[in-house]
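Peer 1: This structure is in structure tokens; I'll ask about it shortly.
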Amino acid sequence: MTPERSPVIQLKGITKRFGNKVVANDDITMDIYEGEILALLGENGSGKTTLLNMLSGIYYPDSGEIYVRGEHVSIRSPHDAYLLGIGMIHQHFKLVNVFTAAENIILGLEEGAVIDLKTAKKRILEICNEYGFEIDPDQKIYDMSVSQKQTLEIVKALYRGADVLILDEPTAVLTPQETEKLFNVIRNMRNAGKTIVIITHKLQEVLEISDRVAILRKGKYIDSVPTSEATELSLTEMMVGQKVELNIDRPEPKNCELRLSVSGLSCKNAENVEVLKDVSFNVLSGEILGIAGISGCGQKELLESIAGLQKPEPGADIVYYSPDGKTESLIGKTPKKIRAMGVSLSFVPEDRIGMGLVGSMGMVDNMLLKTYNRGATPLTDKKPSKRLAEQIREDLAVVTPSIGTPVRMLSGGNVQKVLVGRELSSSPTVLMTAYAVRGLDINTSYVIYRLLNEQKEKGVAVVFVGEDLDVLLALSDRILVLCGGRVSGILDARTATKEQVGYLMTNIPEVQEAQDEKQ
């Protein structure tokens, strides 16, 4: 921290409650300085997103004061935040698909009855040139990649005059190459005097990009430290409040047997667009098969096809090989029929609330969903489900007022803990997880990695769709890479590099094959 820098934002005694029992932010006092990159860290339920949502006008504090450039302010809406130069880029982009980049940027601005699109495009290109963005103002949103949409959201905030930018999990669905490009732009913005606040759970990225790190724990502000004086271990200990071990074990696969065989799998999405094209691979018992790919490359449809939630195109085959030697084709089978055949398959979907859990139900009733059809009157005895809910709450440190609280009232990370815990409890032979640690703090993430390894050592075939390539390389035995809905490569995770995986994520198989033939 340089002495001449002054706080651009000061938070004094900020408290925010939800209901009578949940205190999301408890008397938080902290400063955010001009021209810095501040990383905000904390475990799930520590209040990070709630705090920054108050700066961006989504929530209003129950008590406390906010000062912007030394003046006491009241931020009651995102519009108020923009007038103060504060813009937040959320994980879920707020863009209109059929509009162009330029149209999305000026949408909702009060610039008179006639919008000068030509002048707007010129200003957009000036912003891009100043900070190093790459945007075509005339490109439609539906033609953009995830990283292009994120870039557009940042440019939109800058166009509207934001000097303080809040980025919520900005690298969650980016390749290493896209992440590095984003970091270069963030550094350019910092060097131009902008203030950037980042929420992320990826400690390696915190150490690489930030100038300072602020820590929240259970709704309270703990401390802030210069990044140059921090390590992954020291930051984790500050978040958790005790010493922890950050090691991902990878036991050698043992007694591997074919458990799933997928061949010629093609699949279309709801818009009738082919998202999977002739995908073939095997899954073995006692191994973790990692699946890598940029967002929207068919990971969701792949797992849902195996689980019986998606209808593949004709010609595909998915065969399950049971431990007792029997084989069953899963094509055309519903999840209920798959269970009835004796196939013990657990699935942690990407859609936590809706496909995975019922938001209006508490933990106990969501535990019942896995077993409701096994008896004549399943709702008369909730004792087993209550015991399981209590066990998951304790083992995974689920932050909830009670096990009866509707899960939609919990933070995203705690919802994920409930879902993962329930699926692991059913003793599967095949376990498929889509972004099992998305939104989880690092301590809980390592608990999940340990649980997945325990399943592997029990002989379970584990399919792990992940977005953190460092984790995929450390946890998996093999990595299947998807690009454009096709398999662009299957790598040995012990010898592969992050750059190799990132390259395969952005190069279609035909290009890769042509390059292989030249070598």
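Every number in this text was worked out from the coordinates using simple rules, so none of it is lab data. Note that the structure is predicted; figures quoted are calculated from it, not measured. Neighbour counts run over all protein chains shown; Cβ positions are idealised from the backbone, glycine included.
Peer 1: Among DSSP beta bridges whose residues both lie in the chain, state the antiparallel percentage, nearest 5.
Peer 2: Given both bridge residues lie in the chain, the antiparallel proportion sits at roughly 55 percent.
Peer 1: What is the fewest-to-most order of Val399, Val275, Val463 by other Cβ atoms lying within 10 Å of their Cβ? Mind dumping the intermediate values first?
Peer 2: Numbers: Val399 18, Val275 21, Val463 25.
Placing the least packed residue first, the sequence is Val399, Val275, Val463.
Peer 1: Given axes a ≥ b ≥ c from the Cα gyration tensor, I'd like to know whether segment 1-131 is rounded (a/c under 1.5), prolate (a/b larger than b/c) or oblate.
Peer 2: Judged from the Cα gyration tensor, segment 1-131 comes out prolate (a/c at least 1.5, a/b above b/c).
Peer 1: In what sequence, highest mean first, do 443-456, 131-144 appear when ranked by Cβ atoms within 10 angstrom?
Peer 2: Averaged packing, sorted descending, gives the order 443-456, 131-144.
Peer 1: Once a ≥ b ≥ c are taken as the square roots of the eigenvalues of the Cα gyration tensor of segment 50-208, is the result rounded (a/c under 1.5), prolate (a/b larger than b/c) or oblate (a/b not larger than b/c)?
Peer 2: oblate
Peer 1: Sort 50-60, 407-417 by the packing proxy (mean of other Cβ within 10 Å over each peptide's residues), most packed first.
Peer 2: The peptides rank, most packed first, as 407-417, 50-60.
Peer 1: Go ahead and estimate [θ] at 222 nm for the chain from helices alone: -39,500 (n - 2.57) per DSSP H run with n ≥ 4, summed, over the residue count, rounded to 500.
Peer 2: -9500 deg cm²/dmol
Peer 1: Follow-up. Calculate how many DSSP beta bridges within segment 308-441 are antiparallel, expressed in % of all such bridges and rounded to the nearest 5.
Peer 2: Approximately 40 percent, going by the DSSP bridge assignments.
Peer 1: Relative to the longest principal axis of the chain, what angle (0 to 90°, nearest 10) does the C-alpha long axis of helix 442-457 take?
Peer 2: 10
Peer 1: Please arrange Thr433, Thr29 by how many other C-beta atoms lie within 10 Å of their C-beta, fewest to most.
Peer 2: In increasing order of surrounding Cβ atoms, one gets Thr29, Thr433.
Peer 1: Set the bar at 28 Å for Cα to Cα. Now go through Lys94/Lys498; Lys21/Lys48; Lys122/Lys202; Lys202/Lys254; Lys333/Lys383 and name every pair that lies beyond it.
Peer 2: Working: Lys94/Lys498 30 Å; Lys21/Lys48 18 Å; Lys122/Lys202 36 Å; Lys202/Lys254 31 Å; Lys333/Lys383 31 Å.
Cα-Cα > 28 Å for Lys94/Lys498; Lys122/Lys202; Lys202/Lys254; Lys333/Lys383; rest within.
Peer 1: Return the long-range amide H neighbours of Leu276 (sequence gap of 5 or more, or a different chain), with a cut-off of under 5 Å between placed amide H atoms.
Peer 2: Amide H to amide H, under 5 Å and 5 or more residues apart or across chains, Leu276 pairs with Cys267.
Peer 1: Could you grab the relative contact order for the chain? Cα pairs under 8 Å, six or more apart, rounded to a whole percent. Provide the component values of the computation, followed by the final result.
Peer 2: Working: 1025 pairs, mean separation 78.8, N = 519.
Taking the mean separation of contacting Cα pairs over the length of the chain, I get 15 percent.
Peer 1: Rounded, prolate or oblate: which fits segment 88-165, taking a ≥ b ≥ c as square roots of the Cα gyration tensor eigenvalues, rounded meaning a/c under 1.5, else prolate when a/b beats b/c?
Peer 2: Rounded, since a/c falls under 1.5.
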